[in-house]
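Undergrad: What follows is a single structure, and I will ask about it in a moment.
The values are calculated or read from the model by the stated rules, or taken from the named source; none is laboratory data. Here the structure is a predicted model, which is why all the values come from computation and not from measurement. In this analysis, Cβ positions are derived from the backbone assuming ideal geometry, glycine residues included, and neighbour counts consider all displayed protein chains.
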Amino acid sequence: MGKKVLIADDDPTLTRLLGSYLGEHGFDVVVANDGDEALQKLEVEHPDLIILDVVMPKVNGYAFLFAMRKIEGVVKTPIIVLTCKPELVDIFMAEGVQEYVIKPFPHQELLDKIRKYI
């Protein structure tokens, strides 16, 4: 069984393509379509890494970070923010995310970053 990656993004095309790509490279992929669903899956699935969008319905990426910190045992889970909002990089890096990747992105670049942390 491969390492588990949670993709939290409301774009179904991106989650499908990225999930397939990561699956081809040996990762188990769990998808959440909004921040609330991502928090629920985080507690149940215990991923090894989270790929997090910023702009999502119900709970956005920033609120997700704060809510995540209240869940026992997941505080140190590495997070890669994957977004089209370059202006928020400083805020998220100050909050402790490991990487900040701007959409569109080369898949190999993201894969290299994932492998760096798990």
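Undergrad: Could you list all residues from segment 81-90 that are surrounded by 14 or more Cβ atoms within 10 Å (Cβ to Cβ) and either free of Cβ contacts under 8 Å to residues at least 40 places away in the same chain or in contact with a His (Cβ under 8 Å, 6 or more places away or on another chain) (or both)?
TA: If the condition is that a residue be surrounded by 14 or more Cβ atoms within 10 Å (Cβ to Cβ) and either free of Cβ contacts under 8 Å to residues at least 40 places away in the same chain or in contact with a His (Cβ under 8 Å, 6 or more places away or on another chain) (or both), then VAL81, THR83, LYS85, LEU88, VAL89 are the ones that fit.
Undergrad: For segment 1-73, please list each of the strands (runs of 3 or more DSSP E) lying entirely inside it that holds at least 1 residues being charged (D, E, K, R) and modelled with pLDDT of 95 or more.
TA: 4-8, 28-32
Undergrad: Take segment 74-92 and flag every residue that is charged (D, E, K, R) and part of a helix (DSSP H, G or I).
TA: Selection gives GLU87, ASP90.
Undergrad: Would you mind stating whether LEU65 is within 15 Å of TYR100 (Cα to Cα) and not charged (D, E, K, R)?
TA: For LEU65, the condition - within 15 Å of TYR100 (Cα to Cα) and not charged (D, E, K, R) - is met.
Undergrad: It is to be established whether one or more residues within segment 93-108 are part of a helix (DSSP H, G or I), farther than 21 Å from HIS25 by Cβ, out of contact with any Asp or Glu (no Cβ under 7 Å at 6 or more places or on another chain) and touching a residue at least 24 places away in the same chain (Cβ under 8 Å).
TA: For segment 93-108, residues part of a helix (DSSP H, G or I), farther than 21 Å from HIS25 by Cβ, out of contact with any Asp or Glu (no Cβ under 7 Å at 6 or more places or on another chain) and touching a residue at least 24 places away in the same chain (Cβ under 8 Å): absent.
Undergrad: When only residues in segment 1-28 that are surrounded by 20 or more Cβ atoms within 10 Å (Cβ to Cβ) and closer than 14 Å to ILE118 by Cα count, which is nearest to the chain's Cα centre (by Cα)?
TA: LEU6
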